[in-house]
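Colleague: Quick one: the structure is below, and I'll ask about it shortly.
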């Protein structure tokens, strides 16, 4: 008789834990596969820099794992797009950001510490902007994975 309330309580706790996990799931609706550039499938993912990177198909994770350095900036960008990482500092200098100093890089608004850093990014081509703002060194300097 005393087991029923205990089991009911445990079942409720399990349901709450599952609901909490679903509530913090990354939003992949606007994410692009870092390998192909196509829309992502939530069932295809790998761990990356404290978050999860999503892919369009079952072939792309293997390609990503073989060439992580090649796809690192696009993967880091995806962590930001999916809400798993938040910017805390300037990706160029590592200094505190000034919210009035921004550049849009591949659809993401990136903040910088000063006009000089904004000018450096504005002078670069799209591929270099991506590396400057989301490459491995920049990502470690400026972003924090929150999920």
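Colleague: Would you mind ranking 80, 103 so that the residue whose beta carbon has the fewest other beta carbons within 10 Å leads the list?
Modeller: Fewest-to-most ranking of 80, 103: 103, 80.
Colleague: Considering the Cα trace of region 87-145, what is its radius of gyration and what is Dmax, both in angstroms?
Modeller: 9.9, 28
Colleague: Kindly state, to the nearest 0.05, the FRET efficiency for residue 66 paired with residue 147, given R0 = 30 Å and r defined as their beta-carbon distance.
Modeller: Step by step, r from the Cβ atoms, then E = 0.70.
Colleague: May I pose another question? Starting from 0.36 nm per residue, how many nanometres of slack lie between residue 140 and residue 38 once their C-alpha separation is accounted for?
Modeller: Residue separation times 0.36 nm, minus the Cα-Cα distance, leaves 34.2 nm.
Colleague: Using Stokes-Einstein with the Kirkwood hydrodynamic radius over Cα pairs, what translational diffusion coefficient do you get for region 60-117 at 4 °C and a viscosity of 1.567 mPa s, in µm²/s rounded to a whole number?
Modeller: Using the Kirkwood radius from Cα pairs, D works out to 103 µm²/s.
Colleague: Sticking with this structure for a sec: Of the peptides 104-115, 45-56, how do they stack up when ordered by the mean number of other Cβ atoms within 10 Å, highest first?
Modeller: Top to bottom by mean Cβ count within 10 Å: 45-56, 104-115.
Colleague: While we're on this one: Sort 143, 71 by Cβ crowding within 10 Å, fewest neighbours at the top.
Modeller: 71, 143
Colleague: May I pose another question? What is the spread of the Cα atoms of region 27-86 along each of their three principal axes, largest first, in whole Å?
Modeller: Computed over the Cα atoms, the extents are 27, 20, 16 Å.
Colleague: Suppose R0 equals 22 Å. What FRET efficiency, 1/(1 + (r/R0)^6) with r the Cβ-Cβ distance, do residue 128 and residue 30 give to the nearest 0.05?
Modeller: After rounding to 0.05, the efficiency reads 0.45.
No lab work stands behind these numbers, since they all come straight from the coordinates. All values reported here derive from a predicted model rather than from experimental measurement. Cβ sites come from the backbone with ideal geometry, for glycine too, and all protein chains shown count toward neighbours.
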